[in-house]
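This report concerns only the one structure given below.
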Amino acid sequence: MIQKRAVVTGGAGFLGSHLCDALLGEGWSVVAVDNLLTGRLSNLAHLKSDSRFELVQKDICEPFDVGRVDYVFHLASPASPVDYSTHGIETLKVGSLGTFNALDVARKYAAKYFVSSTSECYGDPLEHPQKETYWGHVNPIGPRSVYDEAKRFTEAVTMAYRRYHNVDTRIVRIFNTYGARMQLNDGRVVPNFMKQALRDEDLTVYGNGAQTRSFCYVSDEIDGFLRLAHSDEHLPVNIGNPNEFTILECAKVVLNVVGSKSRIRYEPLPQDDPKQRRPDITKARQLLGWEPKIDLESGLRLSLDYFRKAVTDEAREQG
């Protein structure tokens with residue numbers, strides 16, 4: 001039997017590398033394509049000796065072709081506030097040009113196509129929790145727009161290729177995800193808190209800490225990806241944890257897991273920072289039989305060794 005072959009753009013990133021692992025676990029041959037702008041070789045180091053895995057260092061904003069593939073997973077994009085603030089133009093390009101190029105590969109080989117979108121498509125939502133039918137409340141010219149609008153455009157291009165070229169597409173809207181291989185300094189809530197708690201530094205809470213997030217552990221997120229990838233659903237599907245925490249509550253859970261004596265320091269809220277974020281996962285439950293299994297405290301405990309090592313490694317590098 002011919003082995004099925006998948007390409008994962010952004011395969012050296014946090015979620016991309018975990019998806020490569022999961023696909024290899026399902027018996028696929030996998031090609032990761034990444035320009036390493038925000039991805040890291042260390043995320044894939046454990047796959048070096050796997051003959052079914054290949055890494056191609058390339059910017060997908062230029063046309064690319066890795067040969068015949070049965071599935072295109074398009075995950076390439078800066079995703080953290082620090083990264084897309086620094087690389088705003090690159091974020092817009094990969095969401096537009098990169099999406100066209102990834103879809104062209106799927107079209108050429110009659111491959112299935114899966115793209116990672118984001119809960120940021122909902123902006124600072126006026127509907128709570130957010131259903132896939134909600135069109136969002138997004139500032140198209142604000143500092144976050146390079147990411148929000150890139151992903152909204154990604155969805156539009158994906159649906160256009162389905163309508164006009166009959167490409168077999170799927171769209172996942174990802175909510176806050178955490179776990180091993182996150183960048184320590186990427187500005188997201190969990191790495192920030194874990195790093196600060198492990199260093200016994202004050203935990204930085206923006207605003208009064210009453211804004212909410214829902215945090216999904218990476219293994220649950222990837223399980224949702226695979227279920228959607230193997231389904232026949234073409235419209236967007238939320239994959240995230242519906243258990244909602246205030247940022248202040250999250251900080252307290254991190255302090256408990258780490259056993260840290262850190263205190264909490266309050267800073268002004270960034271512009272356009274969403275006040276609420278919680279997925280309605282009714283569609284994922286009904287269509288995919290999916291819901292997250294790992295609660296926040298358990299997921300943080302599973303992530304603790306990774307973050308402890310990352311903090312130690314950074315301290316060693318800084319001398």
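The values are calculated or read from the model by the stated rules, or taken from the named source; none is laboratory data. Being a predicted model, the structure only gives us computed values, none of them experimental. Cβ atoms come from the backbone with ideal geometry, glycine included; neighbour counts cover every protein chain shown. Please note that ligands, DNA and RNA were not included when accessible areas were found on the heavy atoms of the full protein model with its side chains. Shrake-Rupley method; radii C 1.70, N 1.55, O 1.52, S 1.80 Å.
I'd like the residue in region 81-106 that is hydroxyl-bearing (Ser, Thr, Tyr) and open to solvent by less than 50 Å² (accessible area, probe 1.4 Å) and, out of all such residues, is farthest from the chain's Cα centre (by Cα).
First, pick out the residues of region 81-106 that are hydroxyl-bearing (Ser, Thr, Tyr): 84-86, 91, 96, 99.
Going one step further and asking which of them are open to solvent by less than 50 Å² (accessible area, probe 1.4 Å), we end up with 84, 91, 96, 99.
Values: 84: 13, 91: 14, 96: 17, 99: 16 Å.
Of everything passing the filter in region 81-106, 96 is farthest from the chain's Cα centre (by Cα).
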query = Within the group 115, 56, which residue is in a strand (DSSP E or B) and open to solvent by 10 Å² or more (accessible area, probe 1.4 Å)?
reply = 56
task = Being under 21 Å from residue 183 (Cα atoms) and touching a Ser or Thr at 6+ places or on another chain (Cβ under 8 Å) is the filter here, so list the residues in region 46-79 that pass it.
result = 74, 75, 76, 77, 78, 79
query = Would you say residue 281 is in contact with a Leu (Cβ under 8 Å, 6 or more places away or on another chain), under 16 Å from residue 215 (Cβ atoms) and touching a residue at least 40 places away in the same chain (Cβ under 8 Å)?
reply = no
query = Quick one: would you say residue 215 is aromatic (Phe, Trp, Tyr), over 16 Å from the mean Cα position of the chain (by Cα) and buried (at least 21 other Cβ atoms within 10 Å of the Cβ)?
reply = no
ask   = If you go through region 32-53 one residue at a time, how many are touching a residue at least 60 places away in the same chain (Cβ under 8 Å) and assigned to a loop (DSSP other than H, G, I, E, B)?
value = 2
inquiry  = Considering only residues that are crowded, with 18+ Cβ neighbours inside 10 Å and not polar (S, T, N, Q), which ones fall in region 67-80?
reply    = 69, 71, 72, 73, 74, 75, 76, 78, 79
task = Consider residue 245 carefully, then state whether it is touching a helix residue (DSSP H, G or I) at 6+ places or on another chain (Cβ under 7 Å) and open to solvent by 20 Å² or more (accessible area, probe 1.4 Å).
result = yes
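Look at region 299-308 and say how many of its residues are of a type outside the set (A, V, I, L, M), more than 21 Å from residue 225 (Cα to Cα) and surrounded by 12 or more Cβ atoms within 10 Å (Cβ to Cβ).
Matching residues across region 299-308 total 4.
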key: Among the residues listed as 253, 205, 189, the single one being open to solvent by less than 10 Å² (accessible area, probe 1.4 Å) and not basic (Lys, Arg)   = 205
query = Scanning for something in contact with a strand residue (DSSP E or B) (Cβ under 9 Å, 6 or more places away or on another chain), open to solvent by less than 10 Å² (accessible area, probe 1.4 Å), of a type in the set (D, E, K, R) and within 16 Å of residue 119 (Cβ to Cβ), does region 221-229 turn up at least one residue?
reply = yes
Scan of region 3-27 for residues that are touching an Asp or Glu at 6+ places or on another chain (Cβ under 9 Å), assigned to a loop (DSSP other than H, G, I, E, B) and surrounded by fewer than 19 Cβ atoms within 10 Å (Cβ to Cβ), ordered by number = 4
inquiry  = Which count do you get for residues in region 142-176 that are in a helix (DSSP H, G or I) and either closer than 15 Å to residue 233 by Cβ or charged (D, E, K, R) (or both)?
reply    = 9
request  = Search region 77-93 for residues that are in contact (Cβ under 8 Å) with a residue 12 or more places away in the chain and among the charged types (D, E, K, R) and pair each with any residue that is part of a helix (DSSP H, G or I) and buried (at least 22 other Cβ atoms within 10 Å of the Cβ) when their beta-carbon atoms are under 8 Å apart and the residues are at least 6 apart or on different chains.
outcome  = 83/91
remark   = Selection from region 196-213 of residues among the small types (Gly, Ala, Ser) and assigned to a loop (DSSP other than H, G, I, E, B) yields 207, 209, 210
ask   = Looking at region 266-296, which of its residues are surrounded by 12 or more Cβ atoms within 10 Å (Cβ to Cβ) and not in a loop (DSSP other than H, G, I, E, B)?
value = 266, 279, 282, 283, 284, 285, 287, 288, 296
